[in-house]
Amino acid sequence: MSGFLDARDIRRDFQIGDRSLPVLRGVDLSVEPGDVVAIVGPSGAGKSTFLHILGLLDRPTSGSVMFKGQAYSDLGDRERARMRNSTFSFVFQFYHLLPELTALENALMPVMIQSSILAWPVLRGEARRKARELLERMGMGERLHHVPGRLSGGERQRVAIARALMTSPEVVFCDEPTGNLDTVTSQEIQDLLWSLAEEKCTTFVMVTHEPSLARRAHRVVRMVDGLIVDGEVPPTTGAAVPPASAPSPSPNA
Amino acid sequence: MIGVWFGVLTLLVVTSVMGGFARDLRARIRGMSAHITVTSSQFSRLGSMENWEELAKRVKAAAPDEVIAVSPQLEWPIMISKGQTPQPATLVGIIPDREAQVSGFAEHMLDGHPPDFTDFSGRKIPEGWGPCIMGSGILTTHRNKDILFVADGPGTAASVADCLSAVNPKDKFVVYVGDAQSTGDLATGGDEREYRSAQEWLKGRADAPVRKWPDLLERIFRTLAYDTVGETRPCVVVVFGKDLPPESAFRDAWHRLSPESRRLLRVFTPGETLTEPGGEKARAAQFLLLEPGPQARLELVSRVQDPYIGTAVTITTITPEDARDRGVDPRITPTSSKLAIVGAFNSGMNEYDSQIVYAPLEFVQKALRECRVDPNTKEPILDATGRIQAGRINKLRIKVVHYDDADKIAERIRKGLGGSYGLFTWQSEKAILLQAVAVERTLTGVIMFFIVVMAAFSILAILSMLVTEKTRDIGILRAQGATVPGIMAIFLSEGAVIGIVGCGLGLGTAKYVLDNLNPLADWIYSKTGWYPFPKNIYLLDRIPHQVDGPIWILVVSATLFVCLLAALWPSWKAARLNPIDALRYE
Ligand SMILES: Nc1ncnc2c1ncn2[C@@H]1O[C@H](COP(=O)(O)OP(=O)(O)OP(=O)(O)O)[C@@H](O)[C@H]1O
Ligand SMILES: [Mg+2]
């Protein structure tokens, strides 16, 4: 019970026809500020579902999630939208960029959503500068005005990460951020994520199948069949795992 | 957007045309029929009312605040004939000044035709004949004539080309330009292409002078005369020229024809006394000398509307004789008279234009013996000044101030008159027609309503497709914290843009189409040969329209409302999905 992000007894059933399919069957998890938590587990275990519930993209069938002492179930639509925008961010496996917009515009989107129409012209310059800076840091300086259709998978994911970081969120949820990428690109993205996490002390909750990514996390949670089987302890006590208390070695570029 | 555009366009055009149609039809009906008509209920006699001046005073006294003018009429069906084919018509005896006050008769006269039975071209009417003014529709049914255009000298070909567009489609025309040898012969007509090719042909001969003028004339006559054998189609010879030969040149040329030809061709020029047709087979040729220039076309239209104008027709009718009154056998007797057509009117309502022949009231009374007659000779008894006595009428027509209250006013007049009079109002006279228009309007209203509903559904379909297509994007935006109202605002503005642009285009094109309805109809006719607004069906000869402000505002605001509503519902549905369901949407 950390008081930062706590999930208690989360259950989620999906309704298929008139059959109810339990996907999450009572998941507990608490995340400390600054934590980097990796959720691993076999396909179909319910990892994405859980992450969506944590990130306010979905609602649990029962159970409660608290963020800084505030229960999600007490939040109104407007509150939830505000938190999705400014407090949390999502990086999806399939990027989910708006196809008609350029890399820069996609990255700007959360700020645009955040500001009112009237305030936007004022904020625009500053926001553009920030988005450009973020994209340049990710090596996207030459691709600012490309639409997603003209970007490679790795490039798209960089745009998505830039977008996730635009609002300086408190928690970033990543659902298999490198799942669609080759090893080299995957490594680059991982390094990027890591350096960002470290620099901003942002909390990360990520789902991954990538051992190399999981190994770097402060904590690895294992989920099987809708339950956490192996949670709350550093994983598999492998030699390469950094100690949870002393986060992340310097990213090897 | 295009759907909205066409929806708005059709709605506006159809309602405006229907509105205009109803309005014009009512105005026309009112214009030609009097607001209130008094008849006698004694139908056994033709002229059922005597001493109409006295009756008019009583009418006026019955409703002094309402009655503006009264006009007596003696109306009777006749057969009208010119040459072989008789045709039914209605002879209406009027006093022109009075009739003009009651109906729109004077305004409907063709250009330059005075509404008072004097001849429009100043010809004298022969002794014993009556002048008459005919509906242009009656003339039209006869209208199959030859028009011979003769261009003399430089610059005249252009005038001929200009005048060709005034030629009636049923007429044949021939154009001569140049000397006798190189005469171009462009007969036939009735077809837009013929006019155009004639105009092309004229362009190539713009400045060809006519050299041997008398020879050319003789040739024209000969052509006409030989054409005439077995034909009675009249002919108008329109001569364009700056320094035209004197009128005697026409005479001389005519005299040089063989006696045989002269018997076949009857020539008259403006200003000449009308003569009776030279025989059944004689062909009337009217000469018109026109100065070339822009006024030529107008002059042609007003003077050569029909070659029958200025010629004579014979009318025949049967009158029910009242034996007791007139001392003759109680049987129906045929009567015939000669009328000279001195003018024509076009009320725009086919029903009147193809039916009515106006003649002076006294002439009609005399012709139908609706006055004091000698019991032996059955001829009218004239007074010292040569006028008939005790003329009778069968209709007294009244114009009132408030024509929509005609029924109430008619009731007042009925009370004031007492006795056995029948009163009709313009509405009751044309009740079926007015009802038909009203029913048609209602029907159109119902159809329009369904069109609106269909249009609304198509807008809904378009926008929900758009929203469905964008469900994933909605999910992406929602995942980044866009609110439901925020998402809806995007689609609402989309709907608003579609609505506003569609309405704007619709309004613009509707305005354009309405302003150009008749040219467009003519264009369709010229391309397809199908006329979208046949005048004999619709009673009006032009397509009317009425721009009704409130209806336009209603149409536009309803369209905008539907567009917004149609955008509202699907976007509300999509925005309310769980963000993750929207993202996962395939
Ligand atoms: N909207 C839904 N309706 C019905 N079943 C669903 C829905 N979403 C997920 N599921 C089911 O829930 C289960 C868990 O799905 P989830 O996406 O959470 O798995 P996962 O652990 O992320 O797997 P992977 O590693 O392959 O991404 C799956 O069996 C899936 O079929
Ligand atoms: Mg998953």
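Would you kindly identify the helices (runs of 4 or more DSSP H) lying entirely within the range A:70-163 that contain at least 1 residues that are open to solvent by 10 Å² or more (accessible area, probe 1.4 Å), more than 14 Å from chain B (Cβ to nearest Cβ) and among the acidic types (Asp, Glu)? Before you say what the answer is, go through the steps one by one.
Numbers: elements: A:77-82, A:103-114, A:120-137.
Filter on the range A:70-163 gives A:120-137.
Out of the range B:347-375, which residues are under 22 Å from B:GLU50 (Cα atoms) and in a loop (DSSP other than H, G, I, E, B)? Give the steps one after another, and end with the answer.
Of all residues in the range B:347-375, those under 22 Å from B:GLU50 (Cα atoms) come to B:358-375.
Of everything in the range B:347-375, those that are under 22 Å from B:GLU50 (Cα atoms) and in a loop (DSSP other than H, G, I, E, B) turn out to be B:LEU368, B:ARG369, B:GLU370, B:CYS371, B:ARG372, B:ASP374, B:PRO375.
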### Task
Look at B:ALA410 and say whether it is among the small types (Gly, Ala, Ser) and farther than 30 Å from B:LEU565 by Cα.
yes
#### Entry: Selected residue (criterion: most open to solvent (accessible area, probe 1.4 Å)) from residues of the range A:54-65 that are more than 13 Å from ligand 2 (Cβ to nearest atom) and more than 12 Å from the chain's Cα centre (by Cα)
A:ARG59
### Message
Under 8 Å between Cβ atoms, which residue pairs at least 6 apart in sequence (or on different chains) link something in the range B:481-496 that is within 9 Å of chain A (Cβ to nearest Cβ) with a partner that is among the basic types (Lys, Arg) and open to solvent by 20 Å² or more (accessible area, probe 1.4 Å)?
### Response
B:GLY481/A:ARG82; B:THR483/A:ARG78; B:VAL484/B:ARG576
### Query
Looking at the range A:126-180, which of its residues are free of Cβ contacts under 8 Å to residues at least 40 places away in the same chain and within 19 Å of A:HIS52 (Cα to Cα)?
A:THR178
### Query
Consider B:ASN518 against the criteria (1) within 13 Å of chain A (Cβ to nearest Cβ); (2) within 24 Å of the chain's Cα centre (by Cα): it satisfies all of them except one. Which criterion is unmet?
(1)
### Query
So is A:LEU75 of a type in the set (A, V, I, L, M) and away from ligand 2 (no atom under 16 Å from the Cβ) or not?
yes
### Message
Can you find, within the range B:554-585, the residue that is nearest to the other protein chains (Cβ to nearest Cβ) among those that are within 16 Å of ligand 2 (Cβ to nearest atom) and charged (D, E, K, R)?
### Response
B:ASP581
### Task
Tell me which residues, restricted to the range A:20-39, are open to solvent by 20 Å² or more (accessible area, probe 1.4 Å), touching a residue at least 12 places away in the same chain (Cβ under 8 Å) and within 16 Å of ligand 2 (Cβ to nearest atom).
A:VAL23
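Considering each of B:GLY475, B:GLY499 in turn, give the residue that is part of a helix (DSSP H, G or I), within 20 Å of B:PRO570 (Cβ to Cβ) and away from every other protein chain (no Cβ under 14 Å). Before the answer, list the steps.
Numbers: B:GLY475 fails: away from every other protein chain (no Cβ under 14 Å).
Checking each option against the conditions leaves just B:GLY499.
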### Task
Please find, among B:ALA89, B:ALA63, B:ALA27, B:ALA69, the residue that is open to solvent by less than 10 Å² (accessible area, probe 1.4 Å) and at pLDDT below 80.
B:ALA63
### Query
Are any residues in the range A:171-204 within 14 Å of chain B (Cβ to nearest Cβ) and either within 16 Å of ligand 1 (Cβ to nearest atom) or part of a loop (DSSP other than H, G, I, E, B) (or both), and if so, which ones?
A:PHE173, A:CYS174, A:ASP175
### Query
When only residues in the range A:170-195 that are within 11 Å of the chain's Cα centre (by Cα) and open to solvent by 10 Å² or more (accessible area, probe 1.4 Å) count, which is farthest from ligand 2 (Cβ to nearest atom)?
A:GLU170
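The values are calculated or read from the model by the stated rules, or taken from the named source; none is laboratory data. Worth saying up front: this structure is predicted, and the values here are computed from it rather than measured. In this analysis, Cβ positions are derived from the backbone assuming ideal geometry, glycine residues included, and neighbour counts consider all displayed protein chains. Just the protein is used for accessible areas: all its heavy atoms, side chains included, with ligands, DNA and RNA removed. Shrake-Rupley method; radii C 1.70, N 1.55, O 1.52, S 1.80 Å.
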